[in-house]
Amino acid sequence: MTTTLKERMESLTELGARIETALPTDVVRASLERDELVVIALRPAIVRVLTFLRDDSACRCKQLVDLCAVDYPGREERFEVVYNLLSLHHNHRVRVKIGAAEDTPVPSVTRVFSTAGWFEREAWDMYGVLFADHPDLRRILTDYGFEGHPQRKDFPLTGYKEIRYDEGEKRVVYEPVRLTQDFRVFDFQSPWETLDTQLGRLLPGDEKAKGNA
């Protein structure tokens, strides 16, 4: 039996009201955003909120599909930790969000969803979000000895260190990033550009190409 979009939105609205009623001190609000149910929860209560969403008969969100972080450097709590839940039984999804600062531990939800173990390690590695009571909180994507958290908005695109193999020392070495500017030449009149005959105009760099024709 198929349901219309209107019926689906009404069902999610009712579900959001049920969550707000059941968790009045743990949930700030539950609302529809872009046709999806989004629950804003308090950070200390995230374990209780996810446990309720997993076990409640109207929710039955048995799967944690994803856990990620978003960086908003201008906010007092710059990070937003996002939990994407799925209920196969009811065929609906619930997105839960909490806020966290750089030095604010977020309760680990590995006791609720075992899959959160690797997701939380990734959020720690990429953003530096600290998860309290995590059984094995260490980097998962970056290399040993990596400094910083590369998905933060204020992290330089070149990073802080570069890695190379040193023939003299016969080992991999880490060095501060060096940006050599002395031999950089920017030639905007490239001979590889050609005349755009279809549009009847010169493309950037066609001055050289025209002279060689």
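Listing for the model above:
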quantity: Within straight-line cross-link reach of LYS161, aspartates and glutamates at Cα separation under 15 Å, skipping those fewer than 8 residues along the same chain; calculated: ASP143, GLU147, GLU175
quantity: √(5λ) per eigenvalue of the Cα gyration tensor, region 14-62, largest first, Å; calculated: 15, 13, 10
quantity: Distance cut-off 20 Å, percentage of C-alpha pairs in region 1-115 lying past it; calculated: 39 percent
quantity: Value of Rg/Rh across region 67-123 [Cα atoms, Kirkwood radius]; calculated: 1.02
quantity: Contact order relative to length of region 57-97, as percent, for alpha carbon pairs under 8 angstrom and 6 or more apart; calculated: 40 percent
quantity: Two-site label geometry, MET9 and ASP35: point separation in nm, points 7 Å out along Cα→Cβ; calculated: 0.9 nm
quantity: Average Cα contact separation per residue, region 1-121, under 8 Å, 6 or more apart, as relative contact order %; calculated: 22 percent
quantity: Residues with amide H under 5 Å from that of ARG139, placed H, sequence gap 5 or more; calculated: none
quantity: Hull-based mean projected area of region 29-181, where the convex hull spans the alpha carbons, in square nanometres; calculated: 12.4 nm²
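All of the numbers you see were taken from the coordinates with simple rules; none came from a lab. Every value quoted in this text rests on a predicted model; they were computed, and no experiment measured them. A quick note on method: Cβ atoms are made from the backbone with ideal geometry, for glycine too, and the neighbour counts reach across all protein chains shown.
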